[in-house]
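Data block below; observations after.
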Amino acid sequence: MLIENMSMAFAAIRVNKMRSFLTMLGIIIGIGSVISIVSIGDTMRNLFSDIYKDVGITQGYLYIGYWVEDVRESDYFTLDEMERIRDVFADEIAYIDSNAYTSADASYRRTTVSFDFSGIDANYIDVQPVDMVYGRYLNEGDILGRRRNVVMDTDSARLLFGEENAVGKTFRATIYGSTDEYTVVGVYRKNMNAFQALLMGSGGDTGSAFIPYTLLTWPNDTFYAIRVFAGDDVDLTSFFARLQAYVARTKNRQPQDWYLQTAMDEMTMVDSVMGGLSAAVGGIAAISLLVGGIGIMNIMLVSVTERTREIGIRKSLGAKTRDIMIQFLTESAILSACGGAIGILLGAGVVWIGGSLAGIPVVVKPSVVVLAVSFSAVVGIFFGIYPASRAARSNPIDALRYE
Amino acid sequence: MIPYTDRLAGLLGRRKTPPYLTENLSEDLIVLDRLVKIYDTGTIKVLGLKKISLTIRRGEFVAIMGKSGSGKSTLMNILGCLDQPTLGHYYLDGVDTASLSPDELSEIRNHKIGFVFQSFNLISRTSALKNVELPMTYARKSKRERRERAMELLKRVGLEARADHMPNELSGGQRQRVAIARALANDPPLILADEPTGNLDTAASEEIMELFSRLHQDGATVVVVTHEENIAAFTERIIRFQDGEVVSDRKNRPALPESRRGKEEISC
Ligand SMILES: Nc1ncnc2c1ncn2[C@@H]1O[C@H](COP(=O)(O)OP(=O)(O)O)[C@@H](O)[C@H]1O
Ligand SMILES: [Mg+2]
């Protein structure tokens, strides 16, 4: 009986090809836009999580809370204290520095370029790998000796020196009020896709460079904050809580006096904001599905009226209310399921083509596809119910007499 | 109220034949008790049938005659359970049809009645075979059973070669024979035909009537509406209608010439 109904439905759909297609169009557009919008959202979320992975998902910052009023000298970190933290959490800390950065103009001959300087330790390359193309990375000697050596990327080197290989070149910069000569010891190449570059705001006319974090002490010879990269297998929540508690204890404060921010929390937040956004826009797109459903109902009503006589014949031969009902419901469900399938191909296709043009890996979740198909079938059945029940309830003799 | 065990059997899929579908094998297949049909067109009320009381016994071959507008179709539609009387009772095989729900009436039409219409009423864009299968589809017969039985019936009406033809590819006589095959699908005890030859030429009409004669000889109860004397001549009983009333009801000696009896092959 099911197969019978299916073949009857397909036959009826085939008889009016153009009309069936136009009916499906509403569903095609609805499902297509829902799929593409949700997939674009998922793709963006995926990109952001990739960016966070690049930035270092295991990292966290800790500093005295901005809400604490009686900030003491001891709330800042000394080099010795950082050394001790590294020792206490030796198994868990992969990297630690002061998260210090500053902007300053760098001058080479007649060229002056605004630069962002980030203070790092020598093993920063272990947690944030870069491809060195010229010279070397900063080393222990640079850090401990507070040498004014820098490492920069090829773009920055080109900005300031006009060439990528700037090893050995020097420039002047005023950092924390002191004007000094800095020497380039190494140049690396950035690896980013177009989208990441756009988001991270690389380029333009600002350079960036790594300098020993020991050069960026403030205030006096202390650091305002610490930045920690945990090891790969570390339980981040527990580790950062213990770190916070330890720092508070050594500085005679409560843990809640310390401000802790982890990349994980940040990412979760961004992700949920973006998830909410794409759900909201997807919801708006789903309204077009409703419009598509009404289109199906309209056509099914026409179809029922046109086939009143056929319904009468079927009833005269013994079709029950349910038989007629199922026949028309099958038809509307098939119409919208076909529309849904085409819509998925179209929506996913658009996203895929767009993604491959922009060089971004596209995410089309199977769950979204399943949801869209079920939703379109439900739309078909829901909007088919009224026409189908109208057909099914008709009195056989009235239906047979219908002209 | 359906007995609990019956409902349980229904749930388990082992449906017991409902009481209204079991064949009573009563002598009187059709009993009409003061049947009245009033058509309410809104502006005027038309009296279609005026207190018709009538009995048709199992195995009878009856012709209903009368002028156009005399109420023949009105009666046939009620006999076929396509319509309901305004007043009075229609007992089919001992069951009062007024007590049945629309779906139960569907089952009655499906199992007990084969209706043949003047305008054939085949489903368009659907092959002759599929059309004949339809009542069996609604009787939930298996695909194989349907196909075999439909082919057998098409053979019986001489159309096995046209099984895959669409209705619009068949002549009027052929369409009516497909319709008759379809009416026989579930082997109903009652065959009703409302002017089955009304749209056919004389030769095709005679072939159709010969088919009905043979069905009657095989034991079916056949009621045929016609306003042609030579068609009515095939039957054993002629009931005449006028203005919604029976004006004459008499036996007839069916005219079946020897020459027609021997004719097995029917061509159209
Ligand atoms: N659906 C209907 N609505 C109103 N009047 C009807 C309807 N069907 C039949 N009639 C009327 O009932 C009477 C009997 O009609 P019918 O049974 O079709 O006659 P016949 O089949 O003998 O030609 C006629 O007067 C006809 O106008
Ligand atoms: Mg009539």
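Inspect all residues belonging to the stretch A:294-306 and state whether any of them is within 14 Å of chain B (Cβ to nearest Cβ) and open to solvent by less than 10 Å² (accessible area, probe 1.4 Å). Can you show your working first?
From the stretch A:294-306, those within 14 Å of chain B (Cβ to nearest Cβ) are A:303, A:306; that's our starting set.
Subset that is open to solvent by less than 10 Å² (accessible area, probe 1.4 Å): A:303.
Yes, because at least one residue in the stretch A:294-306 is within 14 Å of chain B (Cβ to nearest Cβ) and open to solvent by less than 10 Å² (accessible area, probe 1.4 Å).
State yes or no: is B:Thr137 of a type in the set (Ser, Thr, Tyr) and outside any loop (DSSP other than H, G, I, E, B)?
On the way: of a type in the set (Ser, Thr, Tyr): yes; outside any loop (DSSP other than H, G, I, E, B): yes.
In short, yes.
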Tell me which of these B:Phe234 doesn't satisfy, since it passes every other one: (1) more than 16 Å from ligand 2 (Cβ to nearest atom); (2) touching a Gly at 6+ places or on another chain (Cβ under 7 Å); (3) of a type in the set (A, V, I, L, M, F, W, C); (4) more than 16 Å from B:Ile30 (Cα to Cα).
(2)
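Residue check: is A:Ile57 part of a loop (DSSP other than H, G, I, E, B), crowded, with 16+ Cβ neighbours inside 10 Å and not assigned by TED's automatic domain parsing to the domain that holds A:Thr330? It would help to see each step written out before you state the result.
Details: part of a loop (DSSP other than H, G, I, E, B): yes; crowded, with 16+ Cβ neighbours inside 10 Å: yes; not assigned by TED's automatic domain parsing to the domain that holds A:Thr330: yes.
Judged against the criteria, A:Ile57 is a match.
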Being over 19 Å from A:Ser356 (Cβ atoms), at pLDDT 85 or above and either among the hydrophobic types (A, V, I, L, M, F, W, C) or open to solvent by less than 20 Å² (accessible area, probe 1.4 Å) (or both): is that true of A:Ile37 here?
no
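Just checking, does the stretch A:369-376 include any residue being within 16 Å of ligand 1 (Cβ to nearest atom), modelled with pLDDT under 85 and of a type outside the set (Phe, Trp, Tyr)?
Applying the first criterion (within 16 Å of ligand 1 (Cβ to nearest atom)) to the stretch A:369-376 yields none.
No: the stretch A:369-376 contains no residue that is within 16 Å of ligand 1 (Cβ to nearest atom), modelled with pLDDT under 85 and of a type outside the set (Phe, Trp, Tyr).
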Residues within the stretch B:50-78 that are more than 21 Å from B:Arg109 (Cα to Cα) and more than 8 Å from ligand 1 (Cβ to nearest atom), tallied
5
If we keep only residues of the stretch A:307-336 that are within 14 Å of chain B (Cβ to nearest Cβ) and of a type in the set (Gly, Ala, Ser), then the residue nearest to A:Gly41 (Cα to Cα) is A:Ala319
Subset of the stretch B:29-50, residues of a type in the set (Asp, Glu) and surrounded by 15 or more Cβ atoms within 10 Å (Cβ to Cβ), comes to B:Asp33
The listed residue being within 16 Å of ligand 2 (Cβ to nearest atom) and within 14 Å of chain A (Cβ to nearest Cβ), out of B:Leu192, B:Leu184, B:Leu200:
B:Leu192
Search result, residues across the stretch B:52-111 that are assigned to a loop (DSSP other than H, G, I, E, B) and within 10 Å of chain A (Cβ to nearest Cβ)
B:Gly80, B:Cys81, B:Leu82, B:Asp83, B:Gln84, B:Ser101
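In this structure, does B:Gly114 turn out to be in contact (Cβ under 8 Å) with a residue 24 or more places away in the chain and either open to solvent by 10 Å² or more (accessible area, probe 1.4 Å) or within 16 Å of ligand 2 (Cβ to nearest atom) (or both)?
On the way: in contact (Cβ under 8 Å) with a residue 24 or more places away in the chain: yes; either open to solvent by 10 Å² or more (accessible area, probe 1.4 Å) or within 16 Å of ligand 2 (Cβ to nearest atom) (or both): no.
No.
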Keeping to the stretch B:145-167, report how many residues are within 13 Å of another protein chain (Cβ to nearest Cβ) and surrounded by fewer than 19 Cβ atoms within 10 Å (Cβ to Cβ).
2
Unmet requirement for A:Tyr259, which otherwise passes all of (1) within 14 Å of another protein chain (Cβ to nearest Cβ); (2) not in a helix (DSSP H, G or I)
(1)
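Can you say whether B:Ala139 is away from ligand 1 (no atom under 16 Å from the Cβ), open to solvent by 10 Å² or more (accessible area, probe 1.4 Å) and without any contact (Cβ under 8 Å) to a residue 24 or more places away in the chain, as far as the supplied structure shows? Give the steps one after another, and end with the answer.
Working: away from ligand 1 (no atom under 16 Å from the Cβ): yes; open to solvent by 10 Å² or more (accessible area, probe 1.4 Å): yes; without any contact (Cβ under 8 Å) to a residue 24 or more places away in the chain: no.
For B:Ala139, the condition - away from ligand 1 (no atom under 16 Å from the Cβ), open to solvent by 10 Å² or more (accessible area, probe 1.4 Å) and without any contact (Cβ under 8 Å) to a residue 24 or more places away in the chain - is not met.
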Among (1) away from every other protein chain (no Cβ under 14 Å); (2) of a type outside the set (A, V, I, L, M, F, W, C); (3) in contact (Cβ under 8 Å) with a residue 60 or more places away in the chain, there is one condition A:Gly349 misses while meeting the rest; what is its number?
(3)
Looking at the stretch B:125-134 only, could you name the residues that are hydroxyl-bearing (Ser, Thr, Tyr) and either at the interface with chain A (Cβ under 10 Å from one of its Cβ atoms) or part of a helix (DSSP H, G or I) (or both)?
B:Thr126
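Being charged (D, E, K, R), modelled with pLDDT of 90 or more and open to solvent by 40 Å² or more (accessible area, probe 1.4 Å) is true for just one of A:Arg322, A:Arg314. Which residue is that?
Numbers: A:Arg314 fails: open to solvent by 40 Å² or more (accessible area, probe 1.4 Å).
Exactly one of A:Arg322, A:Arg314 is charged (D, E, K, R), modelled with pLDDT of 90 or more and open to solvent by 40 Å² or more (accessible area, probe 1.4 Å), namely A:Arg322.
Give me the residue from the stretch A:328-385 that is assigned to a loop (DSSP other than H, G, I, E, B) and of a type outside the set (Val, Ile, Thr) and, out of that set, surrounded by the fewest Cβ atoms within 10 Å (Cβ to Cβ). Give the steps one after another, and end with the answer.
We begin by selecting, within the stretch A:328-385, every residue assigned to a loop (DSSP other than H, G, I, E, B); these are A:359-365.
Then drop every residue that is not of a type outside the set (Val, Ile, Thr), which leaves A:359, A:361, A:365.
Values: A:Gly359: 9, A:Pro361: 11, A:Lys365: 12.
Across the stretch A:328-385, the extreme among qualifying residues is A:Gly359.
With respect to A:Asp153, determine if the residue is surrounded by fewer than 16 Cβ atoms within 10 Å (Cβ to Cβ) and assigned by TED's automatic domain parsing to the domain that holds A:Tyr182.
Values: surrounded by fewer than 16 Cβ atoms within 10 Å (Cβ to Cβ): no; assigned by TED's automatic domain parsing to the domain that holds A:Tyr182: yes.
No.
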Of all the residues that make up the stretch A:259-287, how many are crowded, with 18+ Cβ neighbours inside 10 Å and among the small types (Gly, Ala, Ser)?
5
If you go through the stretch B:82-104, how many residues are away from ligand 1 (no atom under 16 Å from the Cβ) and buried (at least 21 other Cβ atoms within 10 Å of the Cβ)?
2
When the stretch A:104-116 is examined, which residues are found to be touching a residue at least 40 places away in the same chain (Cβ under 8 Å) and more than 28 Å from the chain's Cα centre (by Cα)?
A:Ala104, A:Asp105, A:Ala106, A:Ser107, A:Tyr108, A:Thr111, A:Val113, A:Ser114, A:Phe115
Is there any pair linking a residue in the stretch A:376-403 that is within 14 Å of chain B (Cβ to nearest Cβ) to one that is in a loop (DSSP other than H, G, I, E, B), with Cβ under 6 Å and at least six apart or on different chains, and which?
A:Pro396/B:Leu82; A:Ile397/B:Leu82; A:Ile397/B:Asp83
The stretch B:123-136, residues that are surrounded by 21 or more Cβ atoms within 10 Å (Cβ to Cβ) and within 17 Å of A:Ile324 (Cα to Cα)
B:Lys130, B:Asn131, B:Glu133, B:Leu134, B:Pro135, B:Met136
List the pairs whose first member sits in the stretch B:49-73 and is within 16 Å of ligand 2 (Cβ to nearest atom), whose second member is of a type in the set (Phe, Trp, Tyr), and whose Cβ atoms are under 6 Å apart, counting only residues at least 6 apart or on separate chains?
B:Gly66/B:Phe241; B:Ser70/B:Phe241; B:Gly71/B:Phe241; B:Lys72/B:Phe241
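Of all strands (runs of 3 or more DSSP E) completely enclosed by the stretch B:176-260, which ones contain at least 3 residues that are open to solvent by 60 Å² or more (accessible area, probe 1.4 Å) and over 29 Å from B:Arg146 (Cα atoms)? First the steps, then the outcome.
Numbers: elements: B:190-194, B:221-225, B:237-242, B:245-251.
In the stretch B:176-260, B:245-251 are the strands (runs of 3 or more DSSP E) which contain 3 or more residues that are open to solvent by 60 Å² or more (accessible area, probe 1.4 Å) and over 29 Å from B:Arg146 (Cα atoms).
The values are calculated or read from the model by the stated rules, or taken from the named source; none is laboratory data. Here the structure is a predicted model, which means the values were calculated and not measured. Using ideal geometry, Cβ is built from the backbone for each residue, glycine included, and neighbour counts are taken over all protein chains shown. To get the accessible areas, we keep the full protein, side chains included, count just its heavy atoms, and leave off ligands, DNA and RNA. Shrake-Rupley method; radii C 1.70, N 1.55, O 1.52, S 1.80 Å.
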